[in-house]
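To start, the structure under review is shown below, and the notes come after it.
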Amino acid sequence: MEKHNIVIKFNREVIRSRNNQELILKSVATQDNFLTQFNFKSIVTDEMLLPQNRINTVNFENLAGICYVQNTDNMSLEEKESLAQKISTYDFVEYAYVEKLAPMELPYNPQVNNKEPLINKTVHNTPNFTHLQEYKSGVTSTHIGIDMEYAWSLGIAGQGISIADIEWGFNFDHINLKRHNFVDYVPTTNPLNNEHGTAVAGVMYAKDINFGVKGMVHDAESFYGISEISYGRAAGISLGLRALRAGDIFVYEMQTGGITGKYVPADFDYAVWDVTQEALNAGIIVIGAAGNGSENLDQDIYYEYRNRPDRGVIRVGAGDELLKKANFSTYGSMVHVQGWGGNVVTTGYDGLYNGGPNNNYTNGFNGTSSATPIVASAAVAIQSWYKQQTGQVLTPREMRALLIETGTPQNINVSEGNEHIGPLPNVRSAITEMRRRLLEVVAIIEGQLSAKGGAQVMLSAEKSTSKVANIVAYAWQLPDGITAEIQNQSTLHFITPEVFKEKIYPITLTVTDAFGNSDSINHNFMVFNEFPLWERNGHYRKGAKVSWKNKKWVAISNNRGWEPGDDSGYWREVTDYPLWEPTKLYMVGNKVSWKNKKWVAINNNRGWEPSDNSEFWREIL
């Protein structure tokens, strides 16, 4: 069962106005009359363009040019593809293609057990299957889960975070799911394929009612079900974004045909990509199925896809209970993490228990379909914990990096090649890492990195921080050659030693907060001599400065091997007094240096060279 829509993106410059979501094009777009025979409905409603009552910063203006061609139901797929190709040739069209919608096809039939008679199977005697939800546990000898039970032990089950899921449909009346906050946000127009969405919702949001299953983030604020078939994928995502805030989670239970026809992530399609990037820009976490196509996204044919400006989408591959890649999973560097791709116990499909259409369960949910809500549940729990601790939320890039960094690594079978699907998220490890970061004390040294010998220096540790307590102790560790009277305050004062050559002095600061947490930092301080020691084999150009025999010298011509001295024709001693200049006017008391001696003017003069028999100068002894 497929539905086909023609999706187009017009440049903003060619859109004249809107009329109830219909795009009115400027004359430049309609001068050949071909496009005038079609109506184009934007994926963005007029209401979404208004600034009032928004709960996020999604820039819907950037999406307003994406639209669907209306009244094409009577056209064949070939006719739609031909029309999309023709429309794509216009200069003011960024892209045009046929969006193919279908229920997400599972690799295996989830109804793994024979159906049993419905006699006496009611809500009152439905078994508790939570012990079979092994994906919620940690590492065992038989399987590796995401350790959601650790989050539960902290009282975390998704509080404060909302979820949206876009796919074909859902059973909102399932006894394990039905509640006010399980919202039919974009209703389906075809309720015949609701089991898939019901299974996804069960993994994440099934109520904790002591029978059936238990959703891993059952206390999430809301779960918005969105059908892709009612308005199209791009429009469905756009509509769903109205309900989400920064830090909330949008699940994509969709796949699309790639270049070879095999299933790849839904955001391979341009319109889905564009809407997704706007969601990410607004801080909304997007987690999407990689697809059940066993397609390698690192092939050259996907070069353009890999090089789009990604802002943090999380793509999910499928592995088994020991984290080996499932043979059907799409893979490659664009797939970031994995979830269980089989044997997932959840609501729907009735392979495990058939208590009627609103009380059925399976132990065979599979594919990247089952993997994605497992990963999404981990993200919701981590975000919930972080939000409770800080009042802030992780960004999409931060969440993706955290899931990868703290996850349990993929179990790679070398003989089968490295078909990358990434690690399985580990909620315990992620929260532990975030707790470490939040408790982290950071020692900071501010101040100069170098100075010449004899200079006064101050270094400051006042910007050192602790996220849980005040800094109460400062300990400066100084190397030989540098001394300071006080070494236990937030500022350090010292005078640099005299050196003949530049030298590095390592200074260490340790700060400690009121809870005993500490951090240390090294500060390599360089002391240099403006007049480095003269070297016999050194080559010196005119103007070079050196020190030699406790005096400072400047080269008056290029030289090598000529020792600085009073009788040298290559060096002049540098004093604290400026060199005498024959054209300058000197007043009584002015001091100069000349011929390696220091002089003071005893009369106003100009042009009179300092000397022992001068009536204008006296040598300073």
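Every read-out reported here was derived from the displayed coordinates using simple, explicitly stated rules and does not represent laboratory data. Just so you know, these numbers come straight off a predicted model, no measurement behind them. As a convention, Cβ positions derive from the backbone with ideal geometry for all residues, glycine included, and neighbour counts pool all protein chains shown.
Measuring against 28 Å, Cα to Cα, the residue pairs LYS100/LYS387; LYS100/LYS178; LYS136/LYS325; LYS3/LYS387 contain LYS100/LYS387; LYS100/LYS178; LYS3/LYS387 as the ones spanning a longer distance.
Can you say what percent of the DSSP beta bridges in the chain, counting only those with both residues inside, are antiparallel? Round to 5. Antiparallel: roughly 70 percent of the beta bridges in the chain.
Taking the convex hull of the Cα atoms, report for the range 3-101 its projected area averaged over all directions, in nm². If you can, show how the numbers build up before the last one.
Details: hull surface 27.5 nm².
That works out to 6.9 nm², a quarter of the Cα hull's surface.
For the range 537-621, how big is the tail of P(r) above 14 Å, as a whole percent of Cα pairs? Tail fraction, whole percent: 63. Taking each residue as 0.36 nm, the span from LEU449 to ASN128 lengthens on full extension beyond its C-alpha to C-alpha distance by 109.0 nm.
Compute the Cα gyration tensor for the range 321-417, then decide on rounded, prolate or oblate, letting a ≥ b ≥ c be the square roots of its eigenvalues: rounded whenever a/c is under 1.5, prolate when a/b is larger than b/c in the other cases, and oblate in all that remain.
Numbers: a/c = 2.90, a/b = 1.19, b/c = 2.44.
Oblate, because a/c is 1.5 or more while a/b does not exceed b/c.
Straight-distance candidates among the aspartates and glutamates for linking to LYS503, with alpha-carbon spacing under 15 Å and chain neighbours fewer than 8 residues away dropped: ASP480, GLU530. Estimated from helices alone, the mean residue ellipticity of the chain at 222 nm is -5000 deg cm²/dmol (sum of -39500 (n - 2.57) over DSSP H runs with n ≥ 4, per residue). Once the Cβ-Cβ distance of LYS387 and GLN70 is raised to the sixth power relative to R0 = 51 Å, the FRET efficiency obtained is 0.80. On a 0 to 90° scale, report how tilted helix 270-281 is relative to the longest principal axis of the chain, with both axes built from alpha carbons and the result rounded to the nearest 10. Relative to the chain, helix 270-281 is tipped by roughly 50 degrees. Once each part is reduced to its C-alpha centroid, what is the distance from the range 515-586 to the range 21-76 in angstrom? Going from one Cα centre to the other spans 73 Å. Within the set of other residues whose C-beta is less than 15 Å from the C-beta of GLN133, count the net charge using Lys and Arg as +1 and Asp and Glu as -1. Counting the neighbours of GLN133, the net charge comes to -2.
In the set (i) 128, 68, 54; (ii) 77, 74, 59; (iii) 91, 78, 50, the label that goes with Cα extents along the principal axes in Å computed for this structure is (i).
Reducing the range 453-475 and the range 302-381 to their Cα centroids gives an inter-centroid distance of 49 Å.
Counting only Cα atoms, the size of the range 441-528 along its three principal axes is 46, 20, 18 Å, in decreasing order. Applying 0.36 nm per residue to the separation of GLU563 and ASN190 and subtracting their alpha-carbon distance, the gain on full extension is 124.6 nm. The modelled label-to-label distance between VAL468 and LEU77, using points 7 Å beyond Cα along the C-beta direction, is 5.8 nm. Length available on full extension from LYS86 to GLU13: 0.36 nm per residue minus the Cα-Cα distance, which gives 24.3 nm.
Report the FRET efficiency, 1/(1 + (r/R0)^6), for GLU304 and ASP208, where r is their Cβ-Cβ distance and R0 is 45 Å, rounded to 0.05. Intermediate values should be presented prior to the final figure.
Working: r = 45 Å, r/R0 = 1.01.
According to the calculation, E is roughly 0.50.
Computed over the alpha-carbon pairs of the range 531-571, the distance histogram in 10 Å steps reads 36, 62, 1 percent, short to long.
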